[in-house]
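As structure tokens, the structure follows; a few thoughts come after it.
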Amino acid sequence: QVQLVESGGGLVQAGDSLRLSCAASETILHTMGWFRQAPGKEREFVGAIDWRGRVTRIADSVKGRFTLSRDSAKNTAYIEMNNLEPEDTAVYYCAIHRGGDVVNSEQYDHWGQGLQVTVSS
């Protein structure tokens, strides 16, 4: 069964940058999605990137600040987060999209373990 292992979270200050990685245990020929969940809030769609490396959709709240990429040779997806804001504080997850609406978390499976990203003001 495919496994997704995330790395790169941490504590940063507002305005800083951070890159998260999501490494798959095997080749993934599906769209990969990123979600986040802040305390007391529902899981929120962040962005999705297809197997060719084309960003299919990105949330308005992060557009222009977050960049998605993918290295097929390494079976790894990345999310580069720039100009971070305290509102970006959340646990970030990657997952494999199985079809349907990319913003719907129920259309994903094989979730990563989640990474805490904390942005201080």
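The values are calculated or read from the model by the stated rules, or taken from the named source; none is laboratory data. Note that the structure is a prediction, hence the values are computed from the model and not measured. Methodologically, a virtual Cβ is constructed for each residue, glycine included, from the backbone with ideal geometry; neighbour enumeration extends over all protein chains shown. Heavy atoms of the whole protein, side chains included, go into the accessibility calculation; ligands, DNA and RNA do not. Shrake-Rupley method; radii C 1.70, N 1.55, O 1.52, S 1.80 Å.
Being of a type in the set (Val, Ile, Thr), loosely packed, with under 15 Cβ neighbours inside 10 Å and either touching a strand residue (DSSP E or B) at 6+ places or on another chain (Cβ under 7 Å) or not in a strand (DSSP E or B) (or both) narrows it down to one of Val103, Val91, Val5, so name that one.
When all the criteria are applied, what remains is Val5.
What tally of residues in the range 17-39 results from selecting those that are open to solvent by 90 Å² or more (accessible area, probe 1.4 Å) and at pLDDT 95 or above?
Going through the range 17-39 one residue at a time, the tally reaches 1.
Please verify whether Arg43 is modelled with pLDDT of 95 or more, open to solvent by 20 Å² or more (accessible area, probe 1.4 Å) and touching a helix residue (DSSP H, G or I) at 6+ places or on another chain (Cβ under 6 Å), treating the condition exactly as stated.
Yes, satisfied.
Tally the residues that are open to solvent by less than 20 Å² (accessible area, probe 1.4 Å) and without any contact (Cβ under 8 Å) to a residue 24 or more places away in the chain, restricting the search to the range 106-121.
0
Which one is nearest to the chain's Cα centre (by Cα) among residues in the range 51-75 that are crowded, with 20+ Cβ neighbours inside 10 Å and not in a loop (DSSP other than H, G, I, E, B)?
Only one residue tops the list, namely Leu68.
Among Ala48, Ala14, which is the only one that is in contact (Cβ under 8 Å) with a residue 40 or more places away in the chain and open to solvent by 40 Å² or more (accessible area, probe 1.4 Å)?
That would be Ala14, the only listed residue that is in contact (Cβ under 8 Å) with a residue 40 or more places away in the chain and open to solvent by 40 Å² or more (accessible area, probe 1.4 Å).
Which one of these is under 17 Å from Val2 (Cα atoms), in a strand (DSSP E or B) and touching a residue at least 40 places away in the same chain (Cβ under 8 Å): Ile79, Ile96?
Every option except Ile96 fails the conditions.
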